[in-house]
1. Do we have any residue at all in segment B:115-123 that's within 7 Å of another protein chain (Cβ to nearest Cβ) and either out of contact with any Lys or Arg (no Cβ under 7 Å at 6 or more places or on another chain) or touching a residue at least 60 places away in the same chain (Cβ under 8 Å) (or both)?
2. Could you please give the count of residues in segment B:68-122 that are in a loop (DSSP other than H, G, I, E, B) and crowded, with 17+ Cβ neighbours inside 10 Å?
3. Could you check how many residues of segment A:34-48 are within 7 Å of another protein chain (Cβ to nearest Cβ) and open to solvent by 30 Å² or more (accessible area, probe 1.4 Å)?
4. Of the residues that sit in segment B:49-60 and are more than 8 Å from DNA strand C (Cβ to nearest atom) and more than 14 Å from the chain's Cα centre (by Cα), which one is most open to solvent (accessible area, probe 1.4 Å)?
5. Looking only at segment A:9-31, filter to residues that are within 14 Å of DNA strand D (Cβ to nearest atom) and open to solvent by 30 Å² or more (accessible area, probe 1.4 Å); which one of those is nearest to B:Asn36 (Cα to Cα)?
6. Among all residue pairs at least 6 apart or on different chains, which show Cβ distances below 9 Å where the first residue, located in segment A:43-66, is closer than 17 Å to B:Cys12 by Cα and the second is near DNA strand C (Cβ under 7 Å from one of its atoms) and of a type in the set (S, T, N, Q)?
7. Any idea which of A:Leu108, A:Leu63, A:Leu19, A:Leu92 is more than 9 Å from chain B (Cβ to nearest Cβ), among the hydrophobic types (A, V, I, L, M, F, W, C) and out of contact with any strand residue (DSSP E or B) (no Cβ under 6 Å at 6 or more places or on another chain)?
There are 2 protein chains.
Amino acid sequence: MKPRHVHRSEDCRAISEILQRVGDKWTVLVVGMLSNGPMRFSELRHAVGGISQKMLTTTLRGLERDGFVTRTVFPTIPPRVDYELTELGHQLQEPVNALADWARQNTLHINAARSRYDAASKQEG
Amino acid sequence: MKPRHVHRSEDCRAISEILQRVGDKWTVLVVGMLSNGPMRFSELRHAVGGISQKMLTTTLRGLERDGFVTRTVFPTIPPRVDYELTELGHQLQEPVNALADWARQNTLHINAARSRYDAASKQEG
DNA sequence: CTGAATCCACGCAGATACTG
DNA sequence: CAGTATCTGCGTGGATTCAG
């Protein structure tokens, strides 16, 4: 088995950084929802499901700060705010989807490995 | 701009799960180091750099549990333990590297967006 | 409707000391 | 050398309340 890649320390740090960025609890879910087009706050909240208003706000602010989404305020009463993926946000989805495909294909393997490990641990423990 | 993908809720949950799995502080760094071949504990600790012995142990246990690495104990004195990526562990690197490439190519964009956002925020107060 | 502000529980992660 | 055990600080995320 030959190595697929050469890895340098700095590169791995960069990987770790971006993975931690998108690896929080809600980011990819929100981005996934927005990938089909702009949505307003409450609509997004309902679509994601299970997310608190605070975390949705926090997540959206972070995405906006990094240039992944745009925030558009309509000064009506009641107020309305639309969120939309930027081009950068859309591009992010490509590698994320690759990881998603891999995850789907290997969920069974991983779960099996976990069961084996846990069973072995219990036996020893 | 047409949608690149169709996203369903269940899929996004799976993505979120795997991203959180590899999105912790040390996992990708350890996996990156191991991608060039098996390494022993202390060697790995030094190669990663900055990781505590506790976190390295924890990270390796998690990777072993999920079937990404194997742990081999040599009952010598002093003891020696080798860690090696499994085939599953190697396969994981492919989509992770895709994300890494994307990260490298877009770090400047992201940092620029952040600077803009922070400057605008400060201005508003 | 879309937030901001506050309080709080929990788990991650580091530091330190000890063991086989 | 390769861990385990314990204590502790801190960030994340949830619930609740208040505001424009």
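1. No - not one qualifying residue is present in segment B:115-123.
2. The total comes to 2.
3. 1
4. Ranking the qualifying residues of segment B:49-60, first place goes to B:Thr57.
5. Within segment A:9-31, the match that is nearest to B:Asn36 (Cα to Cα) is A:Glu17.
6. Filtered contacts from segment A:43-66: A:Arg45/A:Gln53.
7. Going through A:Leu108, A:Leu63, A:Leu19, A:Leu92 in turn, the sole match is A:Leu108.
The values are calculated or read from the model by the stated rules, or taken from the named source; none is laboratory data. If you're wondering where the values come from, they're calculated on a predicted model, not measured in any experiment. Methodologically, a virtual Cβ is constructed for each residue, glycine included, from the backbone with ideal geometry; neighbour enumeration extends over all protein chains shown. With ligands, DNA and RNA removed, areas are computed over all heavy atoms of the protein, side chains included. Shrake-Rupley method; radii C 1.70, N 1.55, O 1.52, S 1.80 Å.
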